[in-house]
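Asker: Sharing a structure, written as structure tokens. Questions coming.
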Amino acid sequence: MRHLMSPLDLSVEELAKVLDLANDIEKNPEKYAHKCDGKILATLFYEPSTRTRLSFESAMMRLGGKVLGFSSANSSSAAKGESVADTVRTVSCYADICAMRHPKEGAPLVASMASQIPVINAGDGGHQHPTQTLTDLLTIRSLKGRLDNITIGLCGDLKFGRTVHSLIEALVRYEGVKFVLISPEELRIPDYIREDVLRASGHEFVEVERLEDAMPSLDLLYMTRVQKERFFNEEDYVRMKDFYILDKAKMALAGPDMLVLHPLPRVNEISVEVDADPRAAYFKQVQYGVYVRMALILSLLGMGVDLC
């Protein structure tokens, strides 16, 4: 039995096979419409979510399976003090696979150690968000045709942004990837990512504060929101939240083939006027998220890529 806690839980070869399966699901959805007949996915979401939770539910339903779960800690026995381990032991009796989101880093790992069914980390605090990373990689590979030899700008909240941390850890496994880290001083990338991931891998990276300076050199721009829920001080959040706003003027500085990605939800960091730009790929990204979660569910249940 395999779990998915981090994108690094999959080898580069396994990851390529999962992405290949996701592309085949995109092209031939009818072939997979009954693969999970009789199977149940549990979505255990201790934190609010729209895209991730509904994407998992859509993925399972498109495979012919069913879904049960909860969408906040207050609507579960966690409100009564039940531990994550006890919750997942119980849910193992009801479902065949589960996806868990939790505000505490490491909670899905604790769940996986107690679980009798595969557990997928759907986001744990500021730590990891592996299925968003798989979504990002599928989007990049499908639209750019490759995962190597690209220059990617990561902009916004690089300190608390788990999607950024997971994506960097995944991309350093590919040759020729250059990173442009765009953030204010207060939201710079954590030291462990800078030292243990970027410098240790030998990949080229630069840290800048002005988005305008970075735009001309990028193949991809990965925008992120400043996450209010990660701040302890309301004043700090208000000061940071509009630090970067991508608009038509800034898009004019970019190359004709640069793509804009965003894990969503957005607040103010991408102006709605950018949505009509053909380089805006963040809603395509949402659709790719369904395909890759379908591929992952199949694989962890032993019906897709062999991960055992």
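Asker: Averaging sequence separations of C-alpha pairs under 8 Å and six or more residues apart, then dividing by the length of the chain, give the relative contact order as a whole percent.
Answerer: 20 percent
Asker: Using protein chains only and a probe of 1.4 angstrom, how many square angstrom of Y46 are accessible, to the nearest 10?
Answerer: Number for this one is 20 Å².
Asker: Angle, helix 162-171 long axis vs. longest principal axis of the chain, Cα atoms, 0 to 90°, nearest 10?
Answerer: 80 degrees
Asker: Determine, from the Cβ-Cβ distance of R188 and D275 and an R0 of 41 Å, the FRET efficiency 1/(1 + (r/R0)^6), rounded to the nearest 0.05.
Answerer: 0.90
Asker: Amide H neighbours of G126 under 5 Å, counting only residues 5+ apart in sequence or on other chains, H built in-plane at 1.01 Å?
Answerer: Sorted by chain and number, the residues that satisfy this are E105.
Asker: A further question follows. Name the residues whose placed amide hydrogens come within less than 5 Å of the amide hydrogen of K39, ignoring near sequence neighbours (fewer than 5 apart) on the same chain.
Answerer: Long-range HN contacts for K39: K66.
Asker: Just to confirm a number: summing +1 for Lys and Arg and -1 for Asp and Glu over residues other than T133 whose beta-carbon lies under 10 angstrom from that of T133, what do you get?
Answerer: Surrounding charge for T133 is -1.
Asker: I've got another one for you. Can you tell me the order of 89-96, 31-38 when each peptide is scored by its average per-residue count of other Cβ atoms within 10 angstrom, highest first?
Answerer: The most tightly packed comes first, giving 89-96, 31-38.
Asker: Write down the percent of antiparallel bridges among all DSSP beta bridges whose residues are both part of the chain, to the nearest 5. Before the final figure, lay out the partial values.
Answerer: Details: 1 of 34 bridges.
In the chain, DSSP labels about 5 percent of beta bridges as antiparallel.
Asker: Given a 1.4 Å probe and heavy atoms of the protein chains only, how would you sort V172, V206, V119, largest accessible area at the top? Present the calculation step by step, with values, prior to reporting the outcome.
Answerer: On the way: V172 25, V206 70, V119 0 Å².
Descending order: V206, V172, V119.
Asker: Taking R0 as 35 Å, what FRET efficiency do you get between T50 and E30 from their Cβ-Cβ distance, rounded to the nearest 0.05?
Answerer: With a Förster radius of 35 Å, E is 0.80.
Asker: Say the cut-off is 19 Å between C-alpha atoms; which of K27/K284; K80/K104; K159/K250 go over it?
Answerer: Working: K27/K284 15 Å; K80/K104 17 Å; K159/K250 23 Å.
Check vs 19 Å cut-off fails for K159/K250.
Asker: Tell me whether segment 1-109 comes out rounded, prolate or oblate; compute the Cα gyration tensor, take square roots of the eigenvalues as a ≥ b ≥ c, and use a/c under 1.5 as the rounded threshold. Please list the in-between numbers first.
Answerer: Working: a/c = 2.09, a/b = 1.53, b/c = 1.36.
Here segment 1-109 falls in the prolate category.
Asker: Rounded to the nearest whole Å², what accessible area per residue is found for the chain with the 1.4 Å probe?
Answerer: Value for the chain: 43 Å² per residue.
Asker: While we're here: Can you show me the helix-derived [θ] at 222 nm for the chain, built from DSSP H runs with n ≥ 4 at -39,500 (n - 2.57) apiece and divided by the number of residues, rounded to the nearest 500.
Answerer: For the chain, the value works out to -10000 deg cm²/dmol.
Asker: Can you give me the angle between helix 51-62 and the longest principal axis of the chain, using Cα atoms only, in degrees from 0 to 90, rounded to the nearest 10?
Answerer: Taking Cα atoms only, the helix is inclined about 50 degrees.
Asker: Also: For D196 and S58, calculate 0.36 nm times their separation in residues minus their Cα-Cα distance, and state this gained length in nm to one decimal.
Answerer: That pair, D196 and S58, stretches by 46.1 nm at full extension.
Asker: I'd like the orientation of helix 282-300 relative to the chain: the angle between its Cα long axis and the longest Cα principal axis, in ° from 0 to 90, rounded to 10.
Answerer: 30 degrees
Asker: Moving on. Plugging the Kirkwood radius over Cα pairs into Stokes-Einstein for segment 131-285, at a temperature of 20 °C and a viscosity of 1.002 mPa s, what D comes out in µm²/s?
Answerer: 138 µm²/s
Asker: Quick one: pull the percent of accessible area on segment 94-186 belonging to carbon and sulfur, 1.4 Å probe, ligands and nucleic acids left out.
Answerer: Numbers: 1290 of 2660 Å².
Of the solvent-accessible surface of segment 94-186, carbon and sulfur hold 49 percent.
Asker: Pick the calculated Rg and Dmax of the Cα atoms in Å for this structure from [x] 19.0, 55; [y] 23.8, 85; [z] 24.2, 77?
Answerer: The value computed from this structure is option [x].
Asker: Can you tell me how segment 123-199 classifies by the Cα gyration tensor, rounded, prolate or oblate, using a/c under 1.5 as the rounded cut?
Answerer: Numbers: a/c = 1.76, a/b = 1.37, b/c = 1.29.
Prolate.
The values are calculated or read from the model by the stated rules, or taken from the named source; none is laboratory data. On a predicted model such as this, the values are computed, not experimentally measured, just so you know. Note that each Cβ is placed from the backbone with ideal geometry, even for glycine, and that neighbours are counted across all protein chains shown. Quick note on the areas: whole protein, heavy atoms, side chains included, nothing else; ligands and nucleic acids left out. Shrake-Rupley method; radii C 1.70, N 1.55, O 1.52, S 1.80 Å.
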